[in-house]
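Okay, so here's the structure we're looking at.
The values are calculated or read from the model by the stated rules, or taken from the named source; none is laboratory data. All values derive from a computational prediction rather than experimental measurement. As a convention, Cβ positions derive from the backbone with ideal geometry for all residues, glycine included, and neighbour counts pool all protein chains shown. Just the protein is used for accessible areas: all its heavy atoms, side chains included, with ligands, DNA and RNA removed. Shrake-Rupley method; radii C 1.70, N 1.55, O 1.52, S 1.80 Å.
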Amino acid sequence: MDSFISWTAIAAPLDIPSIDTNQICPTRFNKRAKGAAFDTVLFHDLRFTPQDAEQPNFILNRDPYRRAGIIVAERNFGCGSSRESAVYALLAFGIRALVAPSFGEIFYTNCLKNSVLPVVLDDAICARIRNQLHDSAGAEITVDLQRQVVRDATGADHPFDIHPLRRQCLLDGLDDVSLTERYADASAAFERQYRQEFPWLTKPGNYPPGSS
Amino acid sequence: MNPTAQRPQTLLDKVWGRHQITEVVGEYLLYSDYLLLHEGARHAFDAMLETGRTVHRPHQVLACADHYVQTHHRSAGVQAIADLSVRGMLERFERNAKAYGLPYFGSFHPQQGIMHVVAPELGLTQPGLLIVGADSHTTTHGAFGCLAFGVGASDALHVLATQSLWMRKPKIMRISVEGALSRHVTAKDLVLTLITHIGAEAGIGHIIEFAGSAVRAMSMEGRMTLCNMAVEAGALSGLVSPDQITFDYLHGCQYAPKDADWDQAVAYWKGLVSDEDAHYDHEVTVDAASIAPSVTWGTHLHQTAVIDAVVPDPQNFAVGEARDDVESALQYMGLTPGTPLTSIPIDRVFIGSCTNSRIEDLRAAAAIARQGKAVVPAWVVPGSMTVKRQAEAEGLDRLFIEAGFEWHDAGCSMCTAINGDHLAEWERCASTSNRNFVGRQGRNGRTHILSPAMAAAAALTGRLTDIRSFG
Ligand code: SF4
């Protein structure tokens, strides 16, 4: 996983609440392999007409937001489907950080595991930052994980919370499987004991056969 | 010694505690009993290949083809699927499942179906387990008193590689539904009303335990509908403590414990109830008698009203965000404020999805369907081939077909519209599925979410219909 320390970029304000992952990445694009193939996927059906022409009034189709690296969003951003491809679409566009009053639960986790930092700030603070961005299009903001603050377009700092383990994993670029390998002995011991305590779960005939 | 051990515990505490491998400053490594995967898991398999990892416990992974499978003319075979990208997803999934030796329920498996229908009916979903699914509606399994939630590809990869995952402990909210639901009022109406009351974000960071006499009286099918949609209130999952109804459902299921194991398991399961005086972070009490048949009118699930109401007027909402939400929803849905919901004409009906495609749902829909003839295209898509066979044994397929409904093979179909079954632009669908989001059932498709009986009634009248006007 790439590490995340601090990220400064043009921020796009998005005023629509409850944007679900199907808007971020419409279902039909899920089939694609992660990576560059996701470049036009982000908000596809908001960004493009059915004939694939750009919707000129969608924010990411306007300069300077075409170069946005941060989105400041509304409540419940990324609710809905668990598809991680929503995060791949953000990454392919160049978005590495999100600021919103709340996020869909699974989406929030998916972001952290792809080194995209979702920051929760108060409703009022998010609204204030979005207003600043509307007033000065193309302004940059900074999401600083080291200091745990968002520096807004006026230079004011807004502290945010993040779980200490998640913060460390992001700073170090440590993926979960590598983290878990540090606890391999505890895991093995746990599983042995668990299987003894609930013997019926692993008894042949109590689970479906594997395929080949 | 763990100081929380003496405190009264919630069901969540008990199941969580049983799966805790280790803790690092409030983040927990939890053991997972099962991982459920569908064809969409390609990114997790891609990452497995890239990192050269092996599957730690293949028998604890279930690979269910449901999202991309065809639900009609399936016997023509996968090679007959015209859309090569759909066919490619099915073939890739089969290759991956077989390469790792996973139990595989492919298009032609006699027990194929939607993962959230298949695992419970096979008896794999059991009280006290921790089940992870690469699908947001994994919350369904919480109906059995297990901890079950959806994850993305990175966490799915982690479970494949280690049979465990990292989690923060959620808060717990209890929603007690007291009293009896009225006739024609289902778990679907209840959960739509709850989401509307508490809001689509109220559950964020929480698990919702559903309790109260109305939930105790509910069948497993009803409890699954409830927990299925807990995610639509923003919750990590739903949870119902197991009881005799749960045990009766599981008894005799193919992979449920048998003989002496059964007794041992039931003894354990009986302890999976919240202790009296256990602490809840939030408590909500609802009067079951106040719930009426309901339907969504907007593009989010909290945009729900009782069926005899009218389309709301944005003017009645506070200026700003609340009003904008209603306006944009009505614009997308093509609805005029003040219109009675029961006068809204529909173009098609979809009865299916992991929310409402089990035998009880099909019985309820058939009981209405038999009273007339469908005047719009109406599909019935059973949740699994097992449900399909049972429905046929009961003669439900005949009732549907005689009433002009289409009888399909099992799968997600038009719930998420990626197998080729989708709405045309601006088509309006009365659907028993779980999401009315913009574009969910096809680009610019319009969705009204409702119960199976109400969906069948809409098929007979060609408009949204108050089920109470049927016998
Ligand atoms: S039926 Fe719909 S909600 Fe359920 S698993 Fe399939 S696509 Fe997801």
Worksheet entry | Count - residues of region B:200-235 that are open to solvent by 20 Å² or more (accessible area, probe 1.4 Å) and more than 15 Å from the ligand (Cβ to nearest atom) | 8
Discussion item. Let me confirm something: among B:88, B:77, which residue is surrounded by fewer than 20 Cβ atoms within 10 Å (Cβ to Cβ) and either away from chain A (no Cβ under 12 Å) or over 28 Å from residue B:163 (Cα atoms) (or both)?
Written reply: B:77
Discussion item. Residue B:323 - would you say it is away from the ligand (no atom under 16 Å from the Cβ), in contact with a Leu (Cβ under 7 Å, 6 or more places away or on another chain) and part of a helix (DSSP H, G or I)?
Written reply: no
Fill in: Subset of region B:438-462 (residues that are more than 14 Å from the ligand (Cβ to nearest atom), within 19 Å of residue B:341 (Cβ to Cβ) and β-branched (Val, Ile, Thr))
B:461
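Could you look through region A:18-55, keep only residues that are β-branched (Val, Ile, Thr) and more than 7 Å from chain B (Cβ to nearest Cβ), and pick out the one that is farthest from residue B:441 (Cα to Cα)?
The qualifying residue farthest from residue B:441 (Cα to Cα) is A:40.
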Worksheet item: Among the strands (runs of 3 or more DSSP E) confined wholly to region A:81-172, which include 1 or more residues that are in contact (Cβ under 8 Å) with a residue 12 or more places away in the chain, in contact with a Lys or Arg (Cβ under 9 Å, 6 or more places away or on another chain) and within 13 Å of another protein chain (Cβ to nearest Cβ)?
Response: A:97-100
Discussion item. Between a residue in region B:55-71 that is free of Cβ contacts under 8 Å to residues at least 40 places away in the same chain and any residue that is open to solvent by 10 Å² or more (accessible area, probe 1.4 Å) and more than 11 Å from the ligand (Cβ to nearest atom), which pairs come within a Cβ distance under 6 Å, given they are 6 or more apart or on different chains?
Written reply: none
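Restricting region A:173-186 to residues that are touching a residue at least 40 places away in the same chain (Cβ under 8 Å) and not small (Gly, Ala, Ser), which is nearest to residue B:163 (Cα to Cα)? Working first, answer last.
Kept after step one, since they are touching a residue at least 40 places away in the same chain (Cβ under 8 Å), are these residues of region A:173-186: A:173-176.
Remaining after also requiring not small (Gly, Ala, Ser): A:174-176.
Details: A:174: 19, A:175: 16, A:176: 12 Å.
So, considering only residues that are touching a residue at least 40 places away in the same chain (Cβ under 8 Å) and not small (Gly, Ala, Ser), the one nearest to residue B:163 (Cα to Cα) is A:176.
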Discussion item. I need a count of the residues in region B:330-346 that are buried (at least 17 other Cβ atoms within 10 Å of the Cβ) and assigned to a loop (DSSP other than H, G, I, E, B).
Written reply: 3
Practice prompt. State all residues of region B:295-318 that are within 21 Å of residue B:208 (Cβ to Cβ) and either open to solvent by less than 30 Å² (accessible area, probe 1.4 Å) or outside any loop (DSSP other than H, G, I, E, B) (or both); if no residue qualifies, say none.
Written response: B:296, B:301, B:303, B:304
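Any idea how many residues of region B:91-100 are touching a strand residue (DSSP E or B) at 6+ places or on another chain (Cβ under 9 Å) and either more than 16 Å from the ligand (Cβ to nearest atom) or away from every other protein chain (no Cβ under 14 Å) (or both)?
The first filter runs over region B:91-100 and keeps only residues touching a strand residue (DSSP E or B) at 6+ places or on another chain (Cβ under 9 Å), leaving B:93-94, B:96-98, B:100.
From what is left, the residues that are either more than 16 Å from the ligand (Cβ to nearest atom) or away from every other protein chain (no Cβ under 14 Å) (or both) are B:94, B:96-98, B:100.
Residues in region B:91-100 being touching a strand residue (DSSP E or B) at 6+ places or on another chain (Cβ under 9 Å) and either more than 16 Å from the ligand (Cβ to nearest atom) or away from every other protein chain (no Cβ under 14 Å) (or both): 5 in total.
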Worksheet entry | Selection count where residues are surrounded by 15 or more Cβ atoms within 10 Å (Cβ to Cβ) and more than 13 Å from chain A (Cβ to nearest Cβ), scope region B:249-294 | 12
Worksheet item: Taking into account only those residues within region B:26-71 that are within 13 Å of the ligand (Cβ to nearest atom) and open to solvent by 10 Å² or more (accessible area, probe 1.4 Å), which is farthest from the other protein chains (Cβ to nearest Cβ)?
Response: B:38
Discussion item. Give me the residue from region B:103-126 that is more than 11 Å from chain A (Cβ to nearest Cβ) and part of a loop (DSSP other than H, G, I, E, B) and, out of that set, nearest to the ligand (Cβ to nearest atom).
Written reply: B:114
Worksheet item: Can you tell me which residues in region B:231-246 are more than 9 Å from chain A (Cβ to nearest Cβ) and out of contact with any Phe, Trp or Tyr (no Cβ under 8 Å at 6 or more places or on another chain)?
Response: B:233, B:241, B:243, B:244, B:245
Response to the item:
Within region B:141-179, residues away from chain A (no Cβ under 13 Å) and either more than 22 Å from the chain's Cα centre (by Cα) or of a type in the set (Val, Ile, Thr) (or both) come out as B:172, B:175, B:177, B:178, B:179
Fill in: Only one of A:156, A:127, A:100, A:137 that is under 21 Å from residue A:18 (Cα atoms) and open to solvent by 30 Å² or more (accessible area, probe 1.4 Å)
A:127
Worksheet item: What are the residues in region B:430-463 that are among the β-branched types (Val, Ile, Thr) and either open to solvent by less than 20 Å² (accessible area, probe 1.4 Å) or on the phi > 0 side of the Ramachandran plot (or both), if any?
Response: B:432, B:447, B:449
Practice prompt. For residue A:110, indicate whether it is modelled with pLDDT under 95, open to solvent by less than 10 Å² (accessible area, probe 1.4 Å) and not hydroxyl-bearing (Ser, Thr, Tyr).
Written response: no
Worksheet item: Do you know which residues across region B:382-437 are within 16 Å of the ligand (Cβ to nearest atom), aliphatic (A, V, I, L, M) and within 14 Å of chain A (Cβ to nearest Cβ)?
Response: B:414, B:417, B:418, B:423
Discussion item. Quick test for you: out of A:179, A:201, pick the one residue that is within 15 Å of residue B:23 (Cβ to Cβ) and surrounded by 15 or more Cβ atoms within 10 Å (Cβ to Cβ).
Written reply: A:179
Worksheet item: For residue B:170, all conditions in the list (1) open to solvent by 10 Å² or more (accessible area, probe 1.4 Å); (2) within 16 Å of the ligand (Cβ to nearest atom); (3) touching a His at 6+ places or on another chain (Cβ under 7 Å) hold save one; what is the number of the exception?
Response: (2)
Discussion item. Looking at (1) touching a helix residue (DSSP H, G or I) at 6+ places or on another chain (Cβ under 7 Å); (2) of a type in the set (A, V, I, L, M); (3) modelled with pLDDT of 95 or more, which one does residue B:393 not meet, given that it meets all the others?
Written reply: (1)
